[in-house]
Amino acid sequence: MPRRFGPFGGAYVPETLVPALVQLEATWRSARRDPEFRRRHRRLQSTLAGRPTPLYFAENLTRRAGGAEIWLKREDLVHGGAHKFNNALGQGLLAVRMGKPRLIAETGAGQHGVATAMIGAALGLETEVYMGTLDMARQRPNVERMRLLGAKVVPVRDGSRTLKDAINAALRDWIENVRTTHYLLGSAVGPHPFPSIVADFQSVIGREIRQQSRRAFGRLPDLAVACVGGGSNAIGTFHPLRATSVDLLGVEAGGPKGHRTGAASLARGRPGVLHGSFSYVLQDRDGQVAETASISAGLDYPGVGPEHAQLKESGRARYLAVHDEEALRAFHWLARDEGILPALEPAHAIFAAVREARRRPRRHKIVVTLSGRGDKDLEVVLGAAR
Ligand SMILES: Cc1ncc(COP(=O)(O)O)c(C=O)c1O
């Protein structure tokens with residue numbers, strides 16, 4: 001697994017963390033070759049996580065778009081309601097293998113926190129989750145879920161009180177408690193080996209898309225679409241499709257109409273270092289991290305995983321931004337057309353997919369990764385309608 005993706009990636013961290021990163025990489029490499037570990041992982045993927053998730057033909061949404069067929073990869077049906085559990089399960093097993101009794105995590109939308117709390121409970125590990133206080137307010141149901149699952153939720157009041165600040169707080173905790181604690185990072189960001197490990201555990205999404213689309217319509221799709229916060233569900237979708245002819249489209253948060261950057265790090269940022277990794281970052285003229293805005297807590301992050309930066313620069317994937325108002329429209333389309341309440345994060349991808357479908361012929365197939373379900377966002381959606 002590469003330390004870098006072209007010039008992107010690396011590990012820009014304090015020296016105290018280097019041994020833990022080396023140990024994590026070595027553990028992961030040995031676990032991947034260990035048949036016993038793989039068997040246990042596979043078993044929990046099916047019996048606890050609920051994999052494989054279906055590939056669903058969104059017939060009514062396709063009719064609304066009036067062009068290419070739209071298919072949904074149903075990660076909203078994974079245990080906990082989002083793709084985040086794929087990664088939490090894998091890293092939880094690595095923590096056990098390293099003999100570390102404590103998990104810490106950061107969370108934005110709360111889905112990664114819920115997934116970590118679930119796996120912490122299932123594997124008997126103490127769990128603490130850092131969360132910005134703005135995110136705690138807008139994703140309240142998930143705060144309650146984490147507490148019921150036995151995790152401690154630590155409020156972060158610094159900075160913009162969102163995901164970026166929660167990661168800072170979790171990194172500070174890890175530096176202090178690195179001997180006993182595994183930092184279960186929730187997206188394909190951070191220092192090596194996290195982007196590669198997270199992509200590895202999320203690649204189950206793209207591998208299943210490959211198999212299921214062949215079964216459903218006899219070939220690979222023409223286009224794969226996924227939303228991009230830190231980029232874990234998108235890299236899980238794209239990575240196994242990189243060497244094919246499938247078009248890849250990542251959808252970032254454009255924020256409210258009129259906001260200069262939203263949270264669109266690839267579309268509107270430039271290369272820089274954030275949270276131990278060199279990638280695209282939203283920054284001001286002095287290189288300070290810029291303020292972001294998005295209706296969707298899970299996309300509200302000023303950085304992105306380094307593999308996406310390489311996919312963008314090489315032209316292998318395209319990235320664009322969708323506004324809050326557009327994501328809300330797509331939320332209602334999916335609710336009314338298909339009977340599915342999506343999370344606001346993948347609602348961004350749905351909007352972009354419908355727009356793409358309109359421009360493409362009927363014979364084209366578009367697969368959208370529906371990364372999570374919308375229960376957590378009901379208050380936000382209802383508030384926007386008032
Ligand atoms: C349902 C859902 N989708 C997408 C994301 C964005 O994260 P990533 O880009 O790592 O998939 C989140 C983050 O919390 C999420 O909860």
Give all pairs with beta carbons closer than 8 Å in which a residue from the range 235-251 that is under 16 Å from F5 (Cα atoms) meets a residue that is surrounded by fewer than 24 Cβ atoms within 10 Å (Cβ to Cβ) and among the basic types (K, R); count only pairs at least 6 apart in sequence or on separate chains.
P240/R207; P240/R210; R242/R316
Residues in the range 74-101 that are more than 12 Å from the ligand (Cβ to nearest atom), touching a helix residue (DSSP H, G or I) at 6+ places or on another chain (Cβ under 7 Å) and charged (D, E, K, R): how many?
1
Determine if the range 223-234 includes at least one residue that is away from the ligand (no atom under 15 Å from the Cβ) and touching a Lys or Arg at 6+ places or on another chain (Cβ under 9 Å).
yes
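Test V189 against the stated conditions and say whether it is within 16 Å of the ligand (Cβ to nearest atom) and aliphatic (A, V, I, L, M).
Criteria met by V189.
Considering only the range 164-171, I want to know if a residue exists there that is within 16 Å of the ligand (Cβ to nearest atom), under 24 Å from V153 (Cα atoms) and either surrounded by fewer than 24 Cβ atoms within 10 Å (Cβ to Cβ) or modelled with pLDDT under 95 (or both).
Yes, the range 164-171 contains a residue that is within 16 Å of the ligand (Cβ to nearest atom), under 24 Å from V153 (Cα atoms) and either surrounded by fewer than 24 Cβ atoms within 10 Å (Cβ to Cβ) or modelled with pLDDT under 95 (or both).
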List the pairs whose first member sits in the range 324-347 and is farther than 20 Å from V228 by Cβ, whose second member is among the small types (G, A, S) and surrounded by fewer than 20 Cβ atoms within 10 Å (Cβ to Cβ), and whose Cβ atoms are under 6 Å apart, counting only residues at least 6 apart or on separate chains?
L341/A335
For the range 230-274, enumerate the residues that are more than 16 Å from the chain's Cα centre (by Cα), under 20 Å from I167 (Cα atoms) and open to solvent by less than 50 Å² (accessible area, probe 1.4 Å).
G262, G269, G272, L274
If you go through the range 129-149 one residue at a time, do you hit one that is away from the ligand (no atom under 16 Å from the Cβ), of a type in the set (A, V, I, L, M, F, W, C) and open to solvent by less than 40 Å² (accessible area, probe 1.4 Å)?
no
Kindly list, by first and then second residue, each pair from a residue in the range 3-23 that is among the hydrophobic types (A, V, I, L, M, F, W, C) to a residue that is open to solvent by 60 Å² or more (accessible area, probe 1.4 Å) and modelled with pLDDT of 95 or more, limited to pairs with Cβ atoms under 6 Å and residues at least 6 apart or on different chains.
F5/Q310; F8/Q310
Matching option when the condition is hydrophobic (A, V, I, L, M, F, W, C) and under 30 Å from F217 (Cα atoms), among A115, A68, A26, A95
A68
Please verify whether the range 2-22 includes one or more residues that are farther than 26 Å from L171 by Cα, in contact with a Leu (Cβ under 9 Å, 6 or more places away or on another chain) and open to solvent by 10 Å² or more (accessible area, probe 1.4 Å).
no
State all residues of the range 24-43 that are hydrophobic (A, V, I, L, M, F, W, C) and free of Cβ contacts under 8 Å to residues at least 60 places away in the same chain; if no residue qualifies, say none.
A26
Residue pairs qualifying under the 7 Å Cβ cut-off, at least six apart or on distinct chains, with the first in the range 293-321 being free of Cβ contacts under 8 Å to residues at least 60 places away in the same chain and away from the ligand (no atom under 13 Å from the Cβ) and the second being assigned to a loop (DSSP other than H, G, I, E, B) and open to solvent by 20 Å² or more (accessible area, probe 1.4 Å), are A293/P256; A293/H259
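One line per residue, one yes/no per condition, for (1) small (G, A, S); (2) within 23 Å of A188 (Cβ to Cβ); (3) out of contact with any strand residue (DSSP E or B) (no Cβ under 9 Å at 6 or more places or on another chain); (4) open to solvent by 50 Å² or more (accessible area, probe 1.4 Å):
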position: L311; (1), (2), (3), (4): no, yes, no, no
position: A317; (1), (2), (3), (4): yes, yes, no, no
position: E325; (1), (2), (3), (4): no, no, yes, yes
position: L328; (1), (2), (3), (4): no, no, yes, no
position: L341; (1), (2), (3), (4): no, no, no, yes
position: P346; (1), (2), (3), (4): no, yes, no, no
position: D377; (1), (2), (3), (4): no, yes, no, no
In the range 378-386, is there at least one residue being outside any strand (DSSP E or B) and touching a Pro at 6+ places or on another chain (Cβ under 7 Å)?
no
From the set of residues in the range 275-309 that are acidic (D, E) and over 25 Å from G383 (Cα atoms), which is surrounded by the most Cβ atoms within 10 Å (Cβ to Cβ)?
E307
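The values are calculated or read from the model by the stated rules, or taken from the named source; none is laboratory data. Worth saying up front: this structure is predicted, and the values here are computed from it rather than measured. Virtual Cβ from ideal backbone geometry, glycine too; neighbours counted across all protein chains shown. For the accessible areas, the whole protein counts, side chains as well, though only heavy atoms, and no ligand, DNA or RNA atoms are used. Shrake-Rupley method; radii C 1.70, N 1.55, O 1.52, S 1.80 Å.
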